[in-house]
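Working notes, structure below.
The values are calculated or read from the model by the stated rules, or taken from the named source; none is laboratory data. On a predicted model such as this, the values are computed, not experimentally measured, just so you know. Please note: Cβ atoms are built from the backbone with ideal geometry, for glycine as well, and neighbour counts cover all protein chains shown.
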Amino acid sequence: MEIEGYLKKDYITNLVNESKREDGRKFDEHRKIIIDNGYVKDKAPGSCLVQLGKTKVLAGISIDVGEPFPDRPKDGVMSTSTEFRPIASPRFESGPPNEDSIEVARVIDRGIREAGAIDLKKLLIEDNLVWIVFIDIHILDHDGNLIDAGGIAAMSALLNTRLPKYEDGKIIYGEYSGKLPIARVPIPCTTAKIGKALLVDPSMNEEYAMDARLTVSTTDNINAMQKGGTGSFNEEEIMACVDAAFEKGKEIRKMLSTG
Amino acid sequence: MSGNGDLVLIKDGKRLDGRGFEELRDIKMEVSVLERASGSAYVEWGKNKVMVGVYGPRELHPKFLQDPTKARLRCVYNLAPFSVDERKKPGPDRRSVEISKVTSEALSSVVMLERFPNTVIDVFIEILQADAGTRCVGLTAASLALADAGIPMKDLVSACSAGKVDGHVVVDLMKEEDNFGECDLPMAIIPKKGEVVLLQMDGKLSRDEFKEAYKLAYDGCMKVYDLQRKTLMDSMKKFVGEGGVENGD
Amino acid sequence: MLNIKDRDLVVPGDLIGNEILPDMNCYMEGGNVYSAVEGLVRVDGRKIKVVPSSGGYIPKREDVVIGVVMDVLTGKWLVDINSPYICAMSGEEVSRDAAKTDLSRYYKVGDIITAKIGTVNEVFSCQLMKPWKIESGLIIDVNPKRVPRVVGKQKSMLNMIREKTGSRIIVGQNGKIWIKDGNVDLAIKTIKKIEKYAQTQGLTDQISEYLDKESREKISL
């Protein structure tokens, strides 16, 4: 039932006009973040369950070997995919990824790829053979801001990923030969625009009320951006989102460990 | 499923992980773990990690699928890509479709579908980490999630596998035993009646060996049932104020 | 003959007894009555019932519900009441000549209303009556099976919350509760607390204390 959408939009907007948020947060505050590395470490070389408020996202890293892309013969390969599992929300349906799911996957991918987070140059095994890194983001419980939750989960999982052993032409599952080389740690930060206000880390109710959102993924630089929604941003608002992304990125990066 | 000459699965009466023939792996169960789903459960069983969410009864679209005499029960068993050694491409494969079917049929034997005509009850089984026996774990967790959702059922469904390894009949196969053993027999029962609602087998068993395996699996199911009951009882503690009403929330 | 006693907890399949009448959360087989849900058994003389811990909403006559208008048709609206079953509301609630009236002038798609359930048929399709449009305020979700505790015997709990928060509250039996004005935060927290500890003995007194304590703290801030 979409009652939430209709009435909550007004309620959230009224609160915002009084400079308040539904859960009492400040406009530039994230919800409580819980990071659980190695959540499925018996099979996946890397994994991380992130709880961002009530949103729960599990990122798993799978490693394979294969041919590099012909235009980058010495680089490893990375690929990101996201599944909006129907377990996560009454609005998610079984079936192939829809545009929302694909957008989340591609935005998270860009953040990681453009930052050069995975040192792909170090993934060459031998001539015409490289490591292939699969990032699979499994949404389990949707309470808003899947991009940030997924992006943080993916990055934390990557930081804790071990490369399997590769011997005599095959992968030895369950045995490892070192860590996945990570060069830097991009963190995405999504800001929602409601009226004239900017709110970091929108909850699901706030997503109902928002006119637009801007995701900025940062390291020391900006590596990826994505504007979503049918509303618009002016330059000042965009710079505010960028500044928030650098600040929040720094905070959250500290929470990720290589333990 | 041929025996592997190199791998010794049973040594001195103990299995690879040190268990006896009638011992189940360690199991942990929890309900109400998800916010959005009407009912949910999370089960860790050996190295298996399974999350189940239930939605419904809810409206069924398209309308021509509606049954005016009862609810439809839709079950989707899904392996996460990272849940197995070699990454599995997202999307249903034939094995998952078959498991979804037998799971759905097992649950349909107890869920009181006739109470909710024209609706659908959706059961989503997400295998986050797989290590043999996932359909039993999934079905066990699904039964918990349905109870957690308050969907009326005649009984719980409790599942457990048995098999044959190095000539011995054992309960609750782990991965190596499933891969290199001589038989895999997943089973599920409705405990009050003591009847079987899921039964599959592949491998080679004599008639006597089957009877032995059946008994082990059945007893295993009853042990699982005890744990399911305890889990549901524990989950109702706050509901009846056991331990007091907390001041914080 | 009873197999259980008052305030026992049960899970689906547990034997309640025989020679008793099953309530809607039980079923009968071979002369015995079993629980169909997880919940709390209440024995009141000869009446036995199982109070479910959770569950969805199935429309019942006379229930007050809160719903969203989904569709405007000729002579009626279709209303979503957070149930697998859609309710209809006759245009005659607002106009004598319903078939010829543009009903969206009264309630359009997306409008939120509170209304009473009139008739319910055997496949749970129902008719709503006496609608009232809800504008502004907030609606929260509560497990429909726990809503009766928020109301209490003869509305005792609900009136207590209204009085001590000063809020206007409409409780939809379908698990939607509307709150406006007064100490909305405290009303929400209180309702959520009742939901969580619904079948605790002496809950009304504990909630009363809680409301007093929280109100005092607000004043002293």
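Among the residues of the range B:67-91, what is the count of those that are part of a loop (DSSP other than H, G, I, E, B), polar (S, T, N, Q) and either within 14 Å of chain A (Cβ to nearest Cβ) or under 14 Å from residue A:86 (Cβ atoms) (or both)? Don't jump to the end; show me each part of the working.
In the first step, residues of the range B:67-91 are kept if they are part of a loop (DSSP other than H, G, I, E, B); the result is B:67-71, B:80-91.
Then drop every residue that is not polar (S, T, N, Q), which leaves B:69, B:83.
Next, from what is left, pick out any that are either within 14 Å of chain A (Cβ to nearest Cβ) or under 14 Å from residue A:86 (Cβ atoms) (or both): B:83.
Looking only at that region, the number is 1.
Quick check on the range B:59-66. Is at least one of its residues more than 14 Å from chain A (Cβ to nearest Cβ), part of a strand (DSSP E or B) and surrounded by fewer than 17 Cβ atoms within 10 Å (Cβ to Cβ)? Looking through the range B:59-66, none of the residues is more than 14 Å from chain A (Cβ to nearest Cβ), part of a strand (DSSP E or B) and surrounded by fewer than 17 Cβ atoms within 10 Å (Cβ to Cβ).
Only one of these is surrounded by 24 or more Cβ atoms within 10 Å (Cβ to Cβ), of a type in the set (Val, Ile, Thr) and closer than 23 Å to residue B:91 by Cβ: A:132, A:118, A:137. Name it. Spell out how you get there, then give the answer.
On the way: A:132 fails: surrounded by 24 or more Cβ atoms within 10 Å (Cβ to Cβ); A:118 fails: closer than 23 Å to residue B:91 by Cβ.
Residue meeting the stated conditions: A:137.
For the condition in a loop (DSSP other than H, G, I, E, B), in contact (Cβ under 8 Å) with a residue 12 or more places away in the chain and of a type in the set (Asp, Glu), residue B:22 qualifies. Right, residue C:117: within 20 Å of the chain's Cα centre (by Cα), farther than 27 Å from residue C:25 by Cβ and outside any loop (DSSP other than H, G, I, E, B) or not? Taking the combined requirement at face value, the residue does not satisfy it. Residue selection: residue B:150 fails the criterion of being more than 20 Å from residue C:145 (Cα to Cα) and either out of contact with any Cys (no Cβ under 7 Å at 6 or more places or on another chain) or within 14 Å of chain C (Cβ to nearest Cβ) (or both). Report yes if some residue within the range A:33-48 is closer than 23 Å to residue A:252 by Cα, polar (S, T, N, Q), surrounded by fewer than 22 Cβ atoms within 10 Å (Cβ to Cβ) and within 11 Å of another protein chain (Cβ to nearest Cβ); otherwise report no. Within the range A:33-48, none of the residues are closer than 23 Å to residue A:252 by Cα, polar (S, T, N, Q), surrounded by fewer than 22 Cβ atoms within 10 Å (Cβ to Cβ) and within 11 Å of another protein chain (Cβ to nearest Cβ). Considering each residue of the range B:162-178 in turn, none proves to be within 30 Å of residue C:25 (Cα to Cα) and touching a Gly at 6+ places or on another chain (Cβ under 7 Å). For the range C:141-151, filtering for residues that are closer than 14 Å to residue C:51 by Cα and not in a helix (DSSP H, G or I) leaves 1. Quick check: anything in the range C:72-87 closer than 30 Å to residue C:11 by Cβ, more than 16 Å from the chain's Cα centre (by Cα) and buried (at least 22 other Cβ atoms within 10 Å of the Cβ)? No, the range C:72-87 contains no residue that is closer than 30 Å to residue C:11 by Cβ, more than 16 Å from the chain's Cα centre (by Cα) and buried (at least 22 other Cβ atoms within 10 Å of the Cβ). Taken as a whole, the range B:124-135 holds at least one residue that is in contact with a helix residue (DSSP H, G or I) (Cβ under 7 Å, 6 or more places away or on another chain), part of a strand (DSSP E or B), among the acidic types (Asp, Glu) and buried (at least 24 other Cβ atoms within 10 Å of the Cβ). Residue under question is residue B:94, and the condition is that it be over 24 Å from residue B:162 (Cβ atoms), among the charged types (D, E, K, R), out of contact with any strand residue (DSSP E or B) (no Cβ under 7 Å at 6 or more places or on another chain) and away from chain A (no Cβ under 14 Å); does it hold? Spelling it out, residue B:94 is indeed over 24 Å from residue B:162 (Cβ atoms), among the charged types (D, E, K, R), out of contact with any strand residue (DSSP E or B) (no Cβ under 7 Å at 6 or more places or on another chain) and away from chain A (no Cβ under 14 Å).
Within the range A:167-187, the residues that satisfy the criterion of being without any contact (Cβ under 8 Å) to a residue 60 or more places away in the chain and outside any strand (DSSP E or B) are A:168, A:169.
Just one of (1) aliphatic (A, V, I, L, M); (2) closer than 26 Å to residue C:179 by Cβ; (3) away from every other protein chain (no Cβ under 14 Å) fails for residue C:98. It is (2).
This table checks each residue for (1) at pLDDT 90 or above; (2) away from chain B (no Cβ under 12 Å).
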residue: C:29; (1), (2): yes, no
residue: C:35; (1), (2): yes, no
residue: C:40; (1), (2): yes, no
residue: C:46; (1), (2): no, yes
residue: C:57; (1), (2): yes, no
residue: C:69; (1), (2): yes, yes
residue: C:75; (1), (2): yes, yes
residue: C:90; (1), (2): yes, yes
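Considering each residue of the range C:153-174 in turn, none proves to be within 19 Å of the chain's Cα centre (by Cα) and assigned by TED's automatic domain parsing to the domain that holds residue C:69. Every listed requirement among (1) more than 14 Å from every other protein chain (Cβ to nearest Cβ); (2) over 30 Å from residue A:58 (Cα atoms); (3) in contact (Cβ under 8 Å) with a residue 24 or more places away in the chain is met by residue B:103 save one, (2).
Could you please find all residues in the range B:92-107 being in a helix (DSSP H, G or I) and under 25 Å from residue A:89 (Cβ atoms)? Scanning the range B:92-107 gives B:96, B:97, B:99, B:100, B:101, B:103, B:104, B:107.
When residue B:215 is tested against (1) at negative phi; (2) exposed (fewer than 14 other Cβ atoms within 10 Å of the Cβ); (3) more than 9 Å from chain C (Cβ to nearest Cβ), exactly one condition is not met: (2). List the number of the failed condition for residue C:139; all other conditions in (1) farther than 25 Å from residue C:106 by Cβ; (2) within 9 Å of another protein chain (Cβ to nearest Cβ); (3) among the hydrophobic types (A, V, I, L, M, F, W, C); (4) surrounded by 19 or more Cβ atoms within 10 Å (Cβ to Cβ) hold. Residue C:139 satisfies every listed condition except (1).
Per-residue answers, yes or no, for (1) within 14 Å of chain B (Cβ to nearest Cβ); (2) out of contact with any helix residue (DSSP H, G or I) (no Cβ under 8 Å at 6 or more places or on another chain); (3) of a type in the set (Gly, Ala, Ser); (4) surrounded by fewer than 18 Cβ atoms within 10 Å (Cβ to Cβ):
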{"position": "C:124", "(1), (2), (3), (4)": "yes, yes, no, no"}
{"position": "C:160", "(1), (2), (3), (4)": "no, no, no, yes"}
{"position": "C:167", "(1), (2), (3), (4)": "no, no, yes, no"}
{"position": "C:184", "(1), (2), (3), (4)": "no, no, no, no"}
{"position": "C:187", "(1), (2), (3), (4)": "no, no, yes, no"}
{"position": "C:212", "(1), (2), (3), (4)": "yes, no, no, yes"}
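Check residue A:80 against each of (1) polar (S, T, N, Q); (2) at pLDDT 95 or above; (3) assigned to a loop (DSSP other than H, G, I, E, B) and name the one condition it does not meet. For residue A:80, the exception is condition (3).
Those residues that are on the phi > 0 side of the Ramachandran plot, part of a loop (DSSP other than H, G, I, E, B) and not basic (Lys, Arg), I need them from the range C:2-22; list them, please. Steps first, please.
Here is the first cut: in the range C:2-22, the residues on the phi > 0 side of the Ramachandran plot are C:7, C:13, C:17, C:19.
With part of a loop (DSSP other than H, G, I, E, B) added as a condition, the list becomes C:7, C:13, C:19.
Matches in the range C:2-22: C:13, C:19.
For the structure I just gave you, tell me whether residue B:67 is among the charged types (D, E, K, R) and modelled with pLDDT under 95. Spell out the reasoning first.
Details: among the charged types (D, E, K, R): yes; modelled with pLDDT under 95: yes.
Yes; evaluated as a whole, the condition is true for this residue.
Note on the range B:136-159: residues that are assigned to a loop (DSSP other than H, G, I, E, B) and in contact with a strand residue (DSSP E or B) (Cβ under 7 Å, 6 or more places away or on another chain) amount to 6.
Just to be sure before I move on: is residue A:81 under 20 Å from residue A:182 (Cβ atoms), in contact (Cβ under 8 Å) with a residue 60 or more places away in the chain and either facing chain B (nearest Cβ under 9 Å) or in contact with a Pro (Cβ under 6 Å, 6 or more places away or on another chain) (or both) in the structure I sent?
Details: under 20 Å from residue A:182 (Cβ atoms): yes; in contact (Cβ under 8 Å) with a residue 60 or more places away in the chain: no; either facing chain B (nearest Cβ under 9 Å) or in contact with a Pro (Cβ under 6 Å, 6 or more places away or on another chain) (or both): yes.
So residue A:81 does not fit the description; no.
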